[in-house]
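Only the coordinates and a few stated rules stand behind these numbers; no lab work does. This is a predicted model, so every value here is computed, not measured. Don't worry about glycine lacking a Cβ; one is built from the backbone with ideal geometry, like all the others, and counts go over all protein chains shown.
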Amino acid sequence: MYYTDLDTPSLLIDEQKLRKNLADMQAYADEHHVNLRPHTKTHKMPAIAQMQMEQGACGIAVAKVGEAEEMAKAGLRDILIANEIVGVLKWKRIAALAKAGCQISFGVDAPCQVTGAEAVFAEAGVTVSVQIEIEVGEERSGIIDDKDFLALLATIRSCPHIRFKGLFSHDGNTYRAKDLDECKALAASAQKRTVYFADLAHEQGMDCEVVSYGATPTFMNHIDILPGITELRPGTYVLMDAAQGNAIQDWSRCAATVLATVISKPTAVRTILDVGAKGLTKETRTEGICSTKGMGILYEYPEVSIDALFDEHAIILNRDFHDRVEIGDKVRIIPVHICPVCNLYDEAALLDGEEVKAILPISCRGKIQ
């Protein structure tokens, strides 16, 4: 079967580009003598996670307990949930993963997360590792002040069923860097801050087995990794997208596209495709090195972008494109942000050139708990 025989919308993955992205990122990690732990929230597919492990990854990262459960079912055993996990139901599920033999760890940034988990793990008779998240400029979750970090370390030390494994950070603010020089400066600052807290933990007699750091724009631009970082945790690199392509000024690394059909040409300018926000999302990137025009780029017509999305319709306002396509034609779209797009599909078609080589289940799709 050729990809053009597929119904639309469909998620497509170019295997050659995928494997190049995997090999290049592993080589980058190896060059800097650090481990690679890919964040699988991007693709949500155990088959691709297995490819990453075969390439040399030390384990995987996920965003939610549900993703960890699905990856564990597929035989992936070394998993970091790179997120704060709160609630008895979730801690019980983590305990079950630990009992089943998973090397599971999860993120914390407040003492109550630790004491709550301790009670559950004590009852279950398991010990589970945690990693403290460090806020490095993204203005999201994570430790900010030294005193809060020290209080959290003290709480972990007092909990016999909680094991301190290390730290993790994410410099998502690099997505908004105005240019490569600013990206490099932000990356250096984020790494220094992360290593600073690792040194602070060492002073308290709690050495970090892992100091994990990540964001795709940093690594795809081959920015230096500072001493003290032990692990890289990129996600989007595996499939890339239009925004990440802009960050490295190269869309040829974009392995994922969405196949859509031209279904209407109601005016001399307007063209309608059969994929909308339910197949592409309405996410945009409007600033910095990841800035991208519109809500998706046409793979075959890279000068053309999607101007608007309804639930089930993409609107393109481009006369030249309108005149070059006919109703019934199929086109491919490079999404602006691939991570939420993967979560919209049950499966992806893996392509060898134009041929469909395999259908990959997106098993972690919808696993948001």
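Gap in Å between the Cα centre of the stretch 306-358 and the Cα centre of the stretch 4-28?
Computed from Cα coordinates, the inter-centre distance equals 15 Å.
Work out the FRET efficiency for Lys192 and Lys265 from their Cβ-Cβ distance, taking R0 = 51 Å, and round it to the nearest 0.05.
About 0.40, to the nearest 0.05.
Pairs of Cα atoms under 8 Å, at least six residues apart: use those to get the relative contact order of the stretch 173-236, whole percent.
With pairs under 8 Å counted, the relative contact order is 34 percent.
Could you tell me the relative contact order of the stretch 128-224? Use alpha-carbon pairs under 8 Å, at least six residues apart, and round to a whole percent.
With pairs under 8 Å counted, the relative contact order is 32 percent.
Against the longest alpha carbon principal axis of the chain, how many degrees, from 0 to 90 and to the nearest 10, is the axis of helix 146-157 turned?
Roughly 70 degrees, rounded to the nearest 10.
Mind listing which GluC sites (Glu not before Pro) in the stretch 151-256 are in a DSSP loop and have 15 or fewer other Cβ atoms within 10 Å?
Glu209
For the stretch 247-341, what is the Kirkwood hydrodynamic radius in Å, using each pair of distinct C-alpha atoms?
13.3 Å
When N counts the residues of the chain, how does its alpha-carbon radius of gyration compare numerically with 2.2 N^0.38 Å, as a ratio?
In units of the 2.2 N^0.38 Å rule of thumb, it is 1.04.
Just from its helices, what would the mean residue ellipticity at 222 nm be for the chain, if runs of 4 or more DSSP H residues each count -39500 (n - 2.57) and the sum is divided by every residue, rounded to the nearest 500 deg cm²/dmol?
After summing the helix terms and dividing by residue count, I get -10000 deg cm²/dmol.
Determine ³J(HN,Hα), in whole Hz, for all residues of the stretch 300-309 in sequence, where each value follows from phi through the Karplus function 6.51 cos²θ - 1.76 cosθ + 1.60 and θ = phi - 60°; x replaces Gly and Pro.
Here the 3J(HN,Hα) series is 7, 9, x, 7, 10, 10, 7, 8, 7, 10 Hz.
What number does the stretch 195-268 give for Rg over Rh if you use C-alpha atoms and the Kirkwood radius?
1.29
Quick one: net charge around Cys342, please, counting Lys, Arg +1 and Asp, Glu -1 for every other residue with C-beta under 15 Å from its C-beta.
-1
In whole Hz and in residue order, list the ³J(HN,Hα) couplings for the stretch 12-19 that follow from phi through the Karplus curve 6.51 cos²θ - 1.76 cosθ + 1.60, θ = phi - 60°; x for Gly and Pro.
10, 10, 7, 5, 4, 5, 4, 5
Can you give the % of DSSP beta bridges in the chain that are antiparallel, to the nearest 5?
45 percent
At what distance in angstrom do the alpha carbon centres of the stretch 129-143 and the stretch 34-111 lie from each other?
17 Å
All other residues with a Cβ under 10 Å from the Cβ of Ala256 taken together, and with Lys, Arg as +1 and Asp, Glu as -1, what is their net charge?
Once all neighbours under 10 Å are counted, the net charge is 0.
If amide hydrogens are placed 1.01 Å from N in the peptide plane, which non-local residues have theirs closer than 5 Å to the one on Leu351?
Ile13, Asp14, Glu15, Lys357
Restricting to Cα pairs below 8 Å that are 6+ residues apart, what does the relative contact order work out to for the chain? Please round to a whole percent.
Result for the chain is 21 percent.
Residue-wise, which Karplus ³J(HN,Hα) couplings in Hz belong to the stretch 50-57, taking 6.51 cos²θ - 1.76 cosθ + 1.60, θ = phi - 60°, and x for glycine or proline?
Along the stretch 50-57, the couplings run 5, 4, 5, 5, 4, 6, x, 4 Hz.
Sorted by average packing, counted as other Cβ atoms within 10 angstrom per residue and highest first, what order do 50-56, 162-168 take?
162-168, 50-56
Where does the charge balance sit around Phe219 when Lys and Arg score +1, Asp and Glu -1, over other residues with C-beta under 10 Å from its C-beta?
0
Starting from the amide H of Leu232, placed 1.01 Å from N in the peptide plane, find each other amide H under 5 Å away whose residue is 5 or more places distant or on another chain.
Hits under the 5 Å cutoff: Asn35, Leu36, Arg37, Tyr213.
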